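S.K.: Here it is, the structure, as structure tokens.
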Amino acid sequence: MRILALGGAGAVAREATRDLCQFGSLFREIVIADIDLEKAERLAREIGDPRLRVIPLDVRDEEALVRQIRGFDVVMNGLPFAYDVLVTQACVEAGVSGVDLAFDEAQFELDEQARSKDMVFIPGVGATPGTTNVMAAHGARHLDQVEAIEIAFAAFRCLAPSPGLLRTTLWEFNPEEPERAMVYWEDGAWRPALPFSGEKRVRFHEQIGEQTVYYVPHDEARTLPRSFPGLRRAAVRGCFPPHVMQAMRALYEIGALSSTPIPVEDCTYPAIELIARLLLALPACRSNPVWAYGLVVEVHGRKDGRPRTVRLRNRHPPQDVWGGEAAYYRNIGVPLSVAAQMIARGEIAARGVVPPERAIPPERFFEELARRGIEIFEEGD
């Protein structure tokens, strides 16, 4: 079998590529397609797997992308989320199954076409979304009726590890994002929420401890109400390390995360664009004392007529074992690789464009994560 890793040398996807090489014995060829050939070739040399090959990629050339995808058995998309729809369209046109890290509502419009080609594409298979969706599905199996799903994450990384991840952080705290009108689901309707609202204290694993999390517009809250009919509430809260949260709050309070036009010499820029450029250039924004990822999912409902809560948590090796930044990135990249390998092994029965909670069997997924050191464990009330 052959797998195509789009953007496979990126900050997150490189950990997925490493995992493919370590655990993906069923693949006879693993191809990294990246616009930065030098970076991709450096990663291939570093890994040293003879099955690795590097090819150039310009994802904006849609016809060339479809041609590249044809002939592969699985596509693992690690490109920035701006390309999710384009990649899904190309996979559907080529009739090749795949996975990616985020999701766009427009991807699900391709569901019927994907089913007609007997293929599956699973958007949003990272830590959150991704592992959290599967945790929710696992919790729901213990209940006769699912009433509410509360998700919390603590993404302990530096502020600007890469342009894409910096913009993800700024997006989550931008009060002008349209998604702010649809942050969480409650009693049959979408509810708005401003940045730094919905404050809640949550205990994560020992590397992170107890942190304050806030409402964020996140992919899980969009798909869970459709996946669990009758769900009364679905919400995601999150945080970054305390120093990052302090910086984001200060920027938010002075209006720097808005599109307010700011004149600079002969040009005018949105304030948030200037902030992004500034943060990317500051060395302090690329360092962090603790690299880790914490996930807590609570599924509330009823079992045998009685109220019950199933709570799931994650834990993983610390940075001194996994190697600094990897203690963050592997929590995102490994689930992407695991899902791609499950598709290749025929362990995903779903067809169409399907969210993780409806496509991925929780027990097998958790078993594969545990093989890599990522543990998901359950607490019940």
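The values are calculated or read from the model by the stated rules, or taken from the named source; none is laboratory data. Keep in mind that this is a model prediction, so the values were computed, not measured. Using ideal geometry, Cβ is built from the backbone for each residue, glycine included, and neighbour counts are taken over all protein chains shown. Accessible surface areas use protein heavy atoms only, side chains included; no ligands, DNA or RNA. Shrake-Rupley method; radii C 1.70, N 1.55, O 1.52, S 1.80 Å.
S.K.: Could you let me know the centre-to-centre spacing of the range 16-62 and the range 74-136, using Cα atoms, in angstrom?
M.R.: 19 Å
S.K.: Using Cα positions and a limit of under 19 Å, work out the aspartates and glutamates in reach of residue 303, with same-chain residues fewer than 8 apart set aside.
M.R.: Partners within reach: 144, 147, 150, 378, 379, 381.
S.K.: Quantify, in whole percent, the carbon and sulfur part of the accessible surface of the range 292-361 (1.4 Å probe; protein heavy atoms only). Let's see the in-between values first.
M.R.: Details: 1020 of 2340 Å².
Taking all protein chains in place, the range 292-361 shows 44 percent carbon and sulfur surface.
S.K.: Looking at the range 81-146, which trypsin sites (Lys or Arg not before Pro) are DSSP coil and have at most 15 other C-beta atoms within 10 Å of their C-beta? Numbers along the way, then the final one.
M.R.: Values: sites: 115, 117, 141; in loops: 117, 141.
In loop regions of the range 81-146 (DSSP not H, G, I, E or B), the sparsely surrounded trypsin sites (Lys or Arg not before Pro) are 141.
S.K.: When the accessible area of the range 39-195 is split by element with a 1.4 Å probe, what percent falls to carbon and sulfur?
M.R.: Values: 3040 of 6330 Å².
The C+S portion of the solvent-accessible surface of the range 39-195 is 48 percent.
S.K.: If you don't mind, another one. Enumerate the whole-percent occupancy of each 10 Å bin, from 0 to the last occupied one, for all C-alpha pair distances of the range 4-104.
M.R.: Percent of Cα pairs in each bin: 17, 54, 28, 1.
S.K.: All other residues with a Cβ under 9 Å from the Cβ of residue 81 taken together, and with Lys, Arg as +1 and Asp, Glu as -1, what is their net charge? Numbers along the way, then the final one.
M.R.: Details: positive: none; negative: 84, 100, 104.
That sum, taken over residues with Cβ under 9 Å, equals -3.
S.K.: Rg/Rh for the chain: what does it come to with C-alpha atoms and Rh from Kirkwood?
M.R.: Reported Rg/Rh (Cα atoms, Kirkwood Rh): 0.95.
S.K.: Turning to a different aspect of this structure: Run the simple label-point estimate for residue 282 and residue 379 please: 7 Å along Cα→C-beta, distance reported in nm.
M.R.: Taking the simple label geometry, residue 282 and residue 379 are separated by 3.5 nm.
S.K.: ³J(HN,Hα) across the range 38-47 via Karplus (A = 6.51, B = -1.76, C = 1.60, θ = phi - 60°), whole Hz, x for Gly/Pro?
M.R.: So the J values, rounded to whole Hz, are 4, 5, 5, 5, 5, 5, 4, 5, 5, 6.
S.K.: Then there is this: Take the Cβ-Cβ distance between residue 113 and residue 144 as r, set R0 to 35 Å, and report the resulting FRET efficiency rounded to the nearest 0.05. Spell out each step's value before the answer.
M.R.: On the way: r = 35 Å, r/R0 = 1.00.
Between residue 113 and residue 144 the formula returns 0.50.
S.K.: Keeping every protein chain in place, order 190, 291 by accessible area at 1.4 Å, biggest value first, i.e. largest first.
M.R.: On the way: 190 70, 291 15 Å².
Heavy-atom accessible area, descending, gives 190, 291.
S.K.: Taking a ≥ b ≥ c as the square roots of the Cα gyration tensor eigenvalues, with a/c under 1.5 meaning rounded and otherwise prolate when a/b beats b/c, else oblate, which class fits the range 249-321?
M.R.: oblate
S.K.: So with the 1.4 Å probe, I'd like the accessible area per residue for the chain, rounded to whole Å².
M.R.: Working: 15740 Å² over 381 residues.
Value for the chain: 41 Å² per residue.
S.K.: Do any trypsin sites (Lys or Arg not before Pro) in the range 272-365 lie in a loop, going by DSSP, with at most 14 other beta-carbon atoms within 10 Å of their beta carbon, and if so which?
M.R.: Details: sites: 277, 286, 302, 303, 308, 311, 313, 315, 330, 345, 351, 358, 364; in loops: 345, 351.
Here the sparse-neighbourhood loop sites are 345.
S.K.: Hey, rough spin-label estimate for residue 232 and residue 267, points 7 angstrom out along Cα→Cβ, what's it come to in nanometres?
M.R.: Here the modelled spin labels are 5.2 nm apart.
S.K.: Under a 1.4 angstrom probe, counting protein chains only, how are 93, 265, 253 ranked by accessible area, largest first?
M.R.: Largest accessible area first, the residues go 265, 253, 93.
S.K.: Karplus couplings for the range 143-153 from phi (6.51 cos²θ - 1.76 cosθ + 1.60, θ = phi - 60°), rounded to Hz, Gly and Pro as x?
M.R.: 10, 7, 9, 9, 10, 8, 10, 10, 10, 9, 9
S.K.: Moving on. Starting from 0 in steps of 5 Å, tell me what percent of the Cα-Cα pairs of the range 201-315 lands in each bin.
M.R.: 2, 8, 13, 16, 15, 14, 11, 8, 6, 3, 2, 1, 0, 0
S.K.: If I take all pairs of Cα atoms in the range 122-278, what percentage of them are more than 28 Å from each other?
M.R.: Details: 3021 of 12246 pairs.
That tail contains 25 percent of the Cα-Cα pairs.
S.K.: Show me the GluC sites (Glu not before Pro) within the range 132-209 that DSSP assigns to loop and that have at most 14 other Cβ atoms within 10 Å of their Cβ. Each step should come with its number before you reach the end.
M.R.: Numbers: sites: 147, 150, 172, 176, 179, 186, 199, 206; in loops: 176, 199, 206.
Here the GluC sites (Glu not before Pro) that fit, given the DSSP loop and packing criteria, are 176, 199, 206.
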